[in-house]
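Worksheet: one structure, shown below.
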Amino acid sequence: MAANKTPTDTELRRELFGDSDEESRDDRQKLLSQSERIAAGSRRIQNARRLAAETESVGLEIIGELSSQRDKITKAKDGLRATNSAISQSQRVLRSMIQRARTNRWMMYAIILILLILIGVIIYYKWFK
């Protein structure tokens, strides 16, 4: 009787995947190494996403602050325009008042001169005629 031996599962597996356990270990090490690289890459991507989100948040805060400052500057500018307008009007009024004061002073000098002349004429006619 010829013994026809059927291969066992282990023998079939070795025949299919290779004879050496060492090759299998090398393959596992390569897979582990690749898995670690992928995990490290994933962590870097997550860190980059987190950093991008933080940067975006800071950027939005800065934009909000700049907008607020722009509004304040605009209000201050409008206030300065109103103040400038009021100052210009005040200058016109003061110039007008100064001009009136000068005119009044010259009129007063003229009236005093006329009165002095009249007093002189009256004294002349009373004492010399």
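The values are calculated or read from the model by the stated rules, or taken from the named source; none is laboratory data. Remember, predicted model here, so these are calculated numbers, not experimental data. Here Cβ is always computed from backbone atoms with ideal geometry, including for glycine, and neighbour counts include all displayed protein chains. Keep in mind that these areas ignore ligands, DNA and RNA; they rest on the heavy atoms of the full protein, side chains included. Shrake-Rupley method; radii C 1.70, N 1.55, O 1.52, S 1.80 Å.
Please find, among GLU11, GLU15, GLU23, the residue that is at pLDDT below 85 and in contact with a Pro (Cβ under 8 Å, 6 or more places away or on another chain).
Residue meeting the stated conditions: GLU15.
Scan region 81-117 for residues that are open to solvent by 90 Å² or more (accessible area, probe 1.4 Å) and over 60 Å from the mean Cα position of the chain (by Cα) and report the count.
Result for region 81-117: 9.
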